[in-house]
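Asker: Sharing a structure below in structure tokens format, with a few things to ask.
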Amino acid sequence: MRRPVQFDCRVQRGRPRVRLKVAASLDGATAMNSGESQWITGSAARQDVHRLRASSGAVMTGIGTVLADDPSLNVRDVETPGRQPLRVVIDSRLRMSPEARMLELSGETLVCCTPGQDGTRLEQAGAQVQEFGAHGDGVNVFEVLAALAEREINDVLVEAGPRLAGYLVEKRLVDELVIYLAPHIMGSETRGMFTTPHWLTLADRQSLELADIRRVGNDMRITARLTG
């Protein structure tokens with residue numbers, strides 16, 4: 001029997017396969033500058049995301065998304081594979097509230113922080129808190145992905161804001177992009193898909209290989225891979 005490609009990724013590279021999901025308007029906005037973002041895409045696209053979650057061993061996000069949206073990050077309205085994916089929050093200074101919605105749901109939540117943080121309140125609320133090395137002012141995501149591989153997680157779906165999304169693309173930690181584009185324009189007072197402060201010229205751009213383009217409800221889903 002042929003092994004799935006995500007298993008080979010975990011064994012050969014020491015990390016799970018990473019899929020990065022982004023929902024944006026046709027002009028590339030993921031939220032208004034105020035943080036308002038619900039909902040950009042339609043119900044069919046959102047249900048499609050739940051299918052992606054159901055096929056993933058873990059769903060990862062950043063603390064900015066948790067503070068702004070208080071997401072559940074669980075699988076709803078589609079058949080689950082028997083258990084909820086592990087919810088992973090990148091939270092260097094443990095700013096996550098013990099009353100966060102996801103901590104009230106079934107399934108496990110792993111909160112990843114830098115050394116020296118006090119995770120007592122989050123652990124009392126049901127979260128697992130694990131320290132990782134620092135990378136700049138954040139958590140070393142390379143170490144987080146390696147730890148998820150040790151848990152035998154083959155697939156990680158990332159649903160995050162532009163900072164974490166941009167970091168993962170910059171570090172070439174994304175194996176597949178899944179971009180949902182909604183047919184509307186949100187204008188100039190918005191936030192983009194990726195924060196990439198080190199990309200200063202056109203030569204810094206990241207080329208993509210388009211693997212699939214299809215309509216999901218009234219939205220478009222683009223699946224692409226990083227090249228070069």
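Asker: Tally up the residues in segment 72-101 that are assigned to a loop (DSSP other than H, G, I, E, B), surrounded by 22 or more Cβ atoms within 10 Å (Cβ to Cβ) and β-branched (Val, Ile, Thr), please.
Answerer: 1
Asker: How do the pairs read when you match residues in segment 55-70 that are free of Cβ contacts under 8 Å to residues at least 60 places away in the same chain with residues anywhere that are of a type in the set (Val, Ile, Thr) and surrounded by 21 or more Cβ atoms within 10 Å (Cβ to Cβ), using Cβ under 7 Å and keeping only pairs 6 or more apart or on different chains?
Answerer: Qualifying pairs under 7 Å: 63/89; 63/90; 66/89.
Asker: Among the residues of segment 75-91, count how many are over 18 Å from residue 57 (Cβ atoms) and within 16 Å of the chain's Cα centre (by Cα). Give the derivation first.
Answerer: To start, the set of residues in segment 75-91 that are over 18 Å from residue 57 (Cβ atoms) comprises 77, 91.
Right, trim to within 16 Å of the chain's Cα centre (by Cα) and you get 91.
Count: 1.
Asker: Considering only segment 124-228, give the strands (runs of 3 or more DSSP E) lying wholly within it that have at least 3 residues that are under 23 Å from residue 13 (Cα atoms) and in contact (Cβ under 8 Å) with a residue 12 or more places away in the chain.
Answerer: Details: elements: 128-131, 155-159, 176-182, 208-216, 219-226.
Correct list: 155-159, 176-182, 208-216, 219-226.
Asker: Let me ask another. Taking the conditions exactly as written (charged (D, E, K, R) and either in a loop (DSSP other than H, G, I, E, B) or closer than 16 Å to residue 58 by Cβ (or both)), does residue 121 satisfy them or not? Steps first, please.
Answerer: Numbers: charged (D, E, K, R): yes; either in a loop (DSSP other than H, G, I, E, B) or closer than 16 Å to residue 58 by Cβ (or both): no.
Criteria not met by residue 121.
Asker: Check off (1) of a type in the set (Asp, Glu); (2) more than 27 Å from residue 52 (Cα to Cα); (3) surrounded by fewer than 14 Cβ atoms within 10 Å (Cβ to Cβ) for residue 212 and give me the number that stays unchecked.
Answerer: All conditions pass for residue 212, except number (2).
Asker: Further question on the same structure: Give 161, 166 a once-over and let me know the one that is in contact with a Gly (Cβ under 8 Å, 6 or more places away or on another chain), within 17 Å of residue 65 (Cβ to Cβ) and of a type outside the set (Ser, Thr, Tyr). Before you say what the answer is, go through the steps one by one.
Answerer: Details: 166 fails: in contact with a Gly (Cβ under 8 Å, 6 or more places away or on another chain).
Every option except 161 fails the conditions.
Values quoted throughout were computed directly from the atomic coordinates according to the rules given, and no laboratory measurement underlies them. These numbers come from a predicted model, not from an experiment. Here Cβ is always computed from backbone atoms with ideal geometry, including for glycine, and neighbour counts include all displayed protein chains.
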